[in-house]
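Below you'll find the structure, written out as structure tokens, and then a few comments.
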């Protein structure tokens, strides 16, 4: 399974895209929790963020070393969507 993710650029792209969305959403939450001095929220969001970061970075580095361009596109687009989603949810929560 892991070998297939590293060898097939399209599978890697899907995984990177999803982990980037998840990772950047969690990073945004982590910043909010840290700013609000919410220790439990900061710890759990950082733990999940770090896990997603490891997965995304491993596949991303492999794609760079093997010249696969597709995962790099997934990395950028997924990160942008995750950041937007995290900020959008926090802005929406503050309005309520």
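Scanning the stretch 1-40 for residues that are without any contact (Cβ under 8 Å) to a residue 12 or more places away in the chain and within 19 Å of residue 64 (Cβ to Cβ), which turns out surrounded by the most Cβ atoms within 10 Å (Cβ to Cβ)?
So in the stretch 1-40, the residues without any contact (Cβ under 8 Å) to a residue 12 or more places away in the chain come out as 1-4, 7-8, 11, 31, 34-40.
Of the ones still in play, those that are also within 19 Å of residue 64 (Cβ to Cβ) are 2-4, 7-8, 11.
Working: 2: 8, 3: 7, 4: 9, 7: 12, 8: 13, 11: 16.
The selected residue is 11.
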**Request:** Taking only the stretch 43-64 into account, find how many residues are at pLDDT 95 or above and more than 14 Å from residue 24 (Cβ to Cβ).
**Result:** 3
**Request:** Within the stretch 70-96, track down each residue that is closer than 12 Å to residue 27 by Cβ and free of Cβ contacts under 8 Å to residues at least 60 places away in the same chain.
**Result:** 79, 83, 87
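For the condition under 13 Å from the mean Cα position of the chain (by Cα), under 15 Å from residue 11 (Cα atoms) and without any contact (Cβ under 8 Å) to a residue 60 or more places away in the chain, what is the one hit in 47, 58? Give the steps one after another, and end with the answer.
Numbers: 47 fails: under 15 Å from residue 11 (Cα atoms).
Just a single option satisfies the conditions, and that option is 58.
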**Message:** Let me spell it out: the conditions are (1) part of a helix (DSSP H, G or I); (2) modelled with pLDDT of 90 or more, and residue 3 meets all of them except one. Which number is the exception?
**Reply:** (2)
**Message:** I'm told residue 43 meets every condition in (1) within 30 Å of residue 3 (Cβ to Cβ); (2) surrounded by fewer than 17 Cβ atoms within 10 Å (Cβ to Cβ) except one. Can you identify the failing condition by its number?
**Reply:** (1)
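The values are calculated or read from the model by the stated rules, or taken from the named source; none is laboratory data. Only a predicted model underlies this, so the values are computations on that prediction, with no experimental measurement involved. Positions of Cβ are generated from backbone atoms using ideal geometry, with glycine treated the same way; all protein chains shown enter the neighbour counts.
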